[in-house]
Amino acid sequence: MEKLRIAIQKSGRLSEKSLELLKEAGITLNNGSRKLRSVARFFPLEVIYLRDDDIPQYVEDGVAHIGIVGENEFAEKGCDVELIERLGYSRCRLSIAVPKAEVYNGLEDLQNKRIATSYPVILEKYLAEHGIRADVHVLSGSVELAPSIGIAEAIFDIVSSGSTLISNGLKEVETIMQSEAVVIANRNLDGEQKSLVADLLFRIRSVMAASNNKYILLNAPNENLEQIIKVIPGMKSPTVMPLAGEGWSSVHSVLSEKTFWSVIDRLKELGAQGILVIPIEKMIV
Ligand code: PRT
Ligand code: ZN
C-alpha cells in the first residue's frame with residue numbers, strides 16, 4: 001500500500017507540537033525527529049523532517065504530499081500548494097517596528113525608508129498595496145538588531161509576546177498578517193493519496209475538537225432547567241437525568257473552550273450546583 005508522505009519541521013518552534021498532534025491522532029513514529037525520515041505504525045504514513053523554509057517547495061514538487069508549516073512561510077514562498085487546514089498552534093503575527101523614540105504617525109512615515117526583513121515577499125506586496133516605496137533589505141536572521149547597528153530604519157518580523165522588540169528598543173507600529181501552523185497539500189494528489197489525506201485530517205480534526213471542548217456535568221434545579229439547557233446547547237442537546245433528590249436534574253453536555261467562562265458564570269446565576277468539567281480525549285466531529 002502506498003504511504004502518505006508528510007513534511008514537518010526538523011527542529012524549531014513547530015516540531016514538538018506537530019509531532020504531538022500526530023501522536024494524539026494515533027500515529028506512532030518508529031524513531032525521533034533526529035532522523036531525516038521516519039515511518040509511522042498503525043497508519044500508512046512517512047514523515048520527512050525539513051527546515052520550515054523548504055517545506056512549501058517540497059510539497060509543491062510532490063516530494064512530500066502534505067506538510068505542516070507556519071502560514072507566514074506559506075505566504076512568503078508563494079508556492080502553488082493548497083492550504084487545507086489551520087492547526088491553531090505556533091500563533092504569531094508579522095509586524096513592522098521602528099525605534100521606540102521615533103515619532104510614528106502612519107505608513108507614510110515609511111516612505112523611502114530602509115526596512116530589514118526575512119519576509120520580503122509579504123512586505124513588498126503590502127507596501128505596494130498601500131502605495132509606499134521603501135528599500136526592503138533582506139536579512140536571514142537577527143533582524144531586530146538592524147536599526148541599532150544602523151543598517152535599517154525599521155524592521156518587519158515575527159512578533160509573539162513582543163519582548164524581543166522591547167529588549168531591542170523597538171515598538172510595533174503596523175501588523176501585516178496573523179499566522180498559525182497550517183497543513184498544506186500538493187495540488188495533484190491521486191485518489192488514494194487524497195483519501196489518506198482525508199483520513200489523516202479526520203483524525204487531526206477530532207484531536208483539535210477535543211482540545212477545544214470540555215465535557216460538563218452539573219446539577220440543575222428543575223425550575224431553571226429550561227434556561228440552563230439554552231445556555232449549554234451541546235453537540236445535539238444536553239443529556240438530562242432526574243436526580244434521586246426531588247426537584248433537581250443532572251445535566252451533561254459539551255462546552256466550547258471559547259465561551260467556557262461566560263457560560264459557567266451564567267450557570268451559577270441560574271442555580272447550577274456541583275459543576276464538574278472534564279477534558280475530552282477525542283471528539284468525533
Ligand atoms: O531551522 P528552520 O528554518 O526550520 O526554523 P526557523 O528558525 O526558520 O523557524 P522557527 O523554528 O524559529 O519558527 C518556525 C515558525 O514558528 C515560524 O515560521 C512562525 O510561523 C512560528 N512562530 C511562532 C515564530 C514565533 N512564534 C516567534 N516568536 N517564529 C519565530 N519567532 C521569533 C521571532 O522571529 C522573534 O525573533 O521569536 C522572536 C519574537 O518573539 P517574542 O515572543 O519576543 O515577540
Ligand atoms: Zn526557517
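Could you grab me the full set of residues in segment 195-221 that are open to solvent by less than 20 Å² (accessible area, probe 1.4 Å) and either assigned to a strand (DSSP E or B) or free of Cβ contacts under 8 Å to residues at least 12 places away in the same chain (or both)? Ile216, Leu218, Ala220, Pro221, listed by residue number.
Against the conditions (1) closer than 27 Å to Ile204 by Cβ; (2) surrounded by 11 or more Cβ atoms within 10 Å (Cβ to Cβ); (3) out of contact with any strand residue (DSSP E or B) (no Cβ under 6 Å at 6 or more places or on another chain), Leu255 satisfies every one except (3).
Is it true that Ile55 is in the same structural domain as Phe202 (by TED's automatic domain parsing) and open to solvent by 30 Å² or more (accessible area, probe 1.4 Å)? Before you say what the answer is, go through the steps one by one.
Numbers: in the same structural domain as Phe202 (by TED's automatic domain parsing): yes; open to solvent by 30 Å² or more (accessible area, probe 1.4 Å): no.
No, not satisfied.
Assess whether Gln227 counts as being in contact (Cβ under 8 Å) with a residue 24 or more places away in the chain, under 19 Å from Leu83 (Cβ atoms) and not hydroxyl-bearing (Ser, Thr, Tyr).
Numbers: in contact (Cβ under 8 Å) with a residue 24 or more places away in the chain: yes; under 19 Å from Leu83 (Cβ atoms): no; not hydroxyl-bearing (Ser, Thr, Tyr): yes.
No; evaluated as a whole, the condition is false for this residue.
Restricting to segment 4-18, and then to whatever is in contact (Cβ under 8 Å) with a residue 60 or more places away in the chain and surrounded by fewer than 21 Cβ atoms within 10 Å (Cβ to Cβ), can you tell me which residue is nearest to ligand 1 (Cβ to nearest atom)? Only one residue tops the list, namely Arg13. Screening Tyr89 against (1) open to solvent by 20 Å² or more (accessible area, probe 1.4 Å); (2) within 26 Å of Ile8 (Cβ to Cβ); (3) in a strand (DSSP E or B) leaves a single unmet condition, (3).
Only one entry of Leu21, Leu45, Leu29 meets the criterion of being open to solvent by 10 Å² or more (accessible area, probe 1.4 Å) and either within 16 Å of ligand 2 (Cβ to nearest atom) or at pLDDT 95 or above (or both), and that entry is Leu21.
Only one of the numbered conditions (1) closer than 30 Å to Arg13 by Cα; (2) more than 14 Å from ligand 1 (Cβ to nearest atom); (3) of a type outside the set (D, E, K, R) is violated by Gln111, and that is (1).
Say we look at segment 27-78 and pick out the residues that are polar (S, T, N, Q) and more than 15 Å from Asn186 (Cβ to Cβ); which of these is nearest to ligand 1 (Cβ to nearest atom)? Give the derivation first.
As a first pass, look at segment 27-78 and keep what is polar (S, T, N, Q): 28, 30-31, 33, 38, 57, 72.
Checking which are more than 15 Å from Asn186 (Cβ to Cβ) leaves us with 28, 30-31, 33, 38, 72.
Numbers: Thr28: 24, Asn30: 22, Asn31: 19, Ser33: 11, Ser38: 17, Asn72: 5 Å.
Only one residue fits best here, namely Asn72.
Tell me, yes or no, whether segment 57-66 has at least one residue that is within 20 Å of Leu200 (Cβ to Cβ), within 16 Å of ligand 2 (Cβ to nearest atom) and in contact with a His (Cβ under 8 Å, 6 or more places away or on another chain). Within segment 57-66, one or more residues are within 20 Å of Leu200 (Cβ to Cβ), within 16 Å of ligand 2 (Cβ to nearest atom) and in contact with a His (Cβ under 8 Å, 6 or more places away or on another chain).
Restricting the first member to segment 111-128 and to residues that are within 16 Å of Glu73 (Cβ to Cβ) and in the same structural domain as Gly141 (by TED's automatic domain parsing), and the second to residues that are open to solvent by 50 Å² or more (accessible area, probe 1.4 Å) and not hydrophobic (A, V, I, L, M, F, W, C), the beta-carbon pairs closer than 7 Å and six or more apart or on different chains are Ser118/Ser140; Val121/Gly78.
Report yes if some residue within segment 176-188 is open to solvent by 20 Å² or more (accessible area, probe 1.4 Å) and within 10 Å of ligand 1 (Cβ to nearest atom); otherwise report no. Checked segment 176-188: at least one residue is open to solvent by 20 Å² or more (accessible area, probe 1.4 Å) and within 10 Å of ligand 1 (Cβ to nearest atom). In a residue-by-residue description of segment 126-134, the property of being within 22 Å of Gly12 (Cα to Cα), open to solvent by less than 80 Å² (accessible area, probe 1.4 Å), of a type outside the set (Phe, Trp, Tyr) and out of contact with any His (no Cβ under 8 Å at 6 or more places or on another chain) applies to no position. Among the conditions (1) part of a helix (DSSP H, G or I); (2) loosely packed, with under 12 Cβ neighbours inside 10 Å, the only one that Asn224 does not satisfy is (2). Quick check on my filter: what residues within segment 155-193 are in a strand (DSSP E or B) and of a type in the set (Ser, Thr, Tyr)? Thr175, Ser179 - these are the residues of segment 155-193 that are in a strand (DSSP E or B) and of a type in the set (Ser, Thr, Tyr). Does Lys77 meet the test of being within 15 Å of ligand 2 (Cβ to nearest atom), in contact with a helix residue (DSSP H, G or I) (Cβ under 6 Å, 6 or more places away or on another chain) and not hydrophobic (A, V, I, L, M, F, W, C)? Against the criterion (within 15 Å of ligand 2 (Cβ to nearest atom), in contact with a helix residue (DSSP H, G or I) (Cβ under 6 Å, 6 or more places away or on another chain) and not hydrophobic (A, V, I, L, M, F, W, C)), Lys77 qualifies.
The values are calculated or read from the model by the stated rules, or taken from the named source; none is laboratory data. Computed from a predicted structure; not experimentally measured. Positions of Cβ are backbone-derived with ideal geometry, glycine not excepted, and every protein chain shown enters the neighbour counts. Note: areas computed on protein heavy atoms with side chains; ligands, DNA, RNA excluded. Shrake-Rupley method; radii C 1.70, N 1.55, O 1.52, S 1.80 Å.
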